[in-house]
1. Got a number for residues in the range 129-186 being β-branched (Val, Ile, Thr), touching a strand residue (DSSP E or B) at 6+ places or on another chain (Cβ under 7 Å) and outside any loop (DSSP other than H, G, I, E, B)?
2. Just one of (1) without any contact (Cβ under 8 Å) to a residue 40 or more places away in the chain; (2) of a type outside the set (Asp, Glu); (3) within 18 Å of ALA145 (Cβ to Cβ) trips up LEU110, so point out which.
3. Mind listing whichever residues of the range 54-99 are β-branched (Val, Ile, Thr) and in a loop (DSSP other than H, G, I, E, B)?
4. Checking the conditions here, which among ARG91, ARG126 is within 18 Å of the chain's Cα centre (by Cα) and within 24 Å of ARG58 (Cβ to Cβ)?
5. Can you tell me which condition THR2 does not meet? The list is (1) modelled with pLDDT under 95; (2) closer than 22 Å to ASN167 by Cβ; (3) among the polar types (S, T, N, Q), and all the others hold.
6. Restricting to the range 97-118, give me the number of residues that are surrounded by fewer than 18 Cβ atoms within 10 Å (Cβ to Cβ) and touching a Ser or Thr at 6+ places or on another chain (Cβ under 7 Å).
7. In this structure, does PRO142 turn out to be in contact with an Asp or Glu (Cβ under 7 Å, 6 or more places away or on another chain) and either buried (at least 18 other Cβ atoms within 10 Å of the Cβ) or at negative phi (or both)?
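The values are calculated or read from the model by the stated rules, or taken from the named source; none is laboratory data. Bear in mind the structure is a predicted one, so any value in this text is a computation, not a measurement. Here the Cβ positions follow ideal geometry from the backbone for every residue, glycine too, while neighbour counts run over all protein chains shown.
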Amino acid sequence: MTVTNPPPTRFDSPMAIYALGELVPTIHPEAFVHPDAVIIGDVTIGAQSSVWPSAVLRGDHGRIVVGEQTSIQDGSVIHCTKEHHTLIGSRCVVGHNAHIEGATLHDDVLVGSGSVLLHRVVVHSRALVAAGAVLINDTVVPGHALAMGVPAKIRENAVEDGAFDWNVQMYVYNASWYKKELRRLD
């Protein structure tokens, strides 16, 4: 479903979803985008995913794709370049104030709060990027690995299956709850 004029919601303020020329966001009807988030251009958001207050997804010079049941939390900045799209898989958790630009996250990845993932970074399934980590260009994080530090160091086989499934499910629940119950009070 392409959203050019968002449908009415329980919110008393319009959502900040913008076309940029011919670039129009595509947001699944089961996704939740908080009215204080900003979505611009070539951005796709999957079912049961959520984008929280002050997050910015700006698909101007490239494409941003967010899979299903993924949360982009408060204050995160997701960008891309003409050469490097940003692809975020399903069941991912992107923590508060993360910055992701031109990177690929496979399904089932957790990116901790305040992390920075730069061009051509690839994070494989069931990996975890620790809070505050900086992944410089071309860093590859294998599945089940932990990336932590500045610049990030990789510790392989450090993440167990299901380590952050609870986080994914909590944000799927929150998206549904907020979509039904959030209302603005002046």
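1. The total comes to 6.
2. Of the numbered conditions (1) without any contact (Cβ under 8 Å) to a residue 40 or more places away in the chain; (2) of a type outside the set (Asp, Glu); (3) within 18 Å of ALA145 (Cβ to Cβ), the odd one out for LEU110 is (1).
3. Residues of the range 54-99 that are β-branched (Val, Ile, Thr), as a first pass: 56, 64-66, 70, 72, 77-78, 81, 86, 88, 93-94.
Correct list: THR70, THR81.
4. On the way: ARG126 fails: within 24 Å of ARG58 (Cβ to Cβ).
One residue alone meets the criteria, ARG91.
5. Answer for THR2: the failing condition is (2).
6. 1
7. Yes: the conditions hold for PRO142.
The rows are residues; the columns are (1) among the charged types (D, E, K, R); (2) touching a Phe, Trp or Tyr at 6+ places or on another chain (Cβ under 8 Å); (3) under 24 Å from TRP166 (Cα atoms).
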residue: LEU20; (1), (2), (3): no, no, no
residue: ALA31; (1), (2), (3): no, no, yes
residue: ASP36; (1), (2), (3): yes, no, no
residue: ALA55; (1), (2), (3): no, no, yes
residue: ARG63; (1), (2), (3): yes, no, no
residue: GLU68; (1), (2), (3): yes, no, yes
residue: LYS82; (1), (2), (3): yes, no, no
residue: ARG91; (1), (2), (3): yes, no, yes
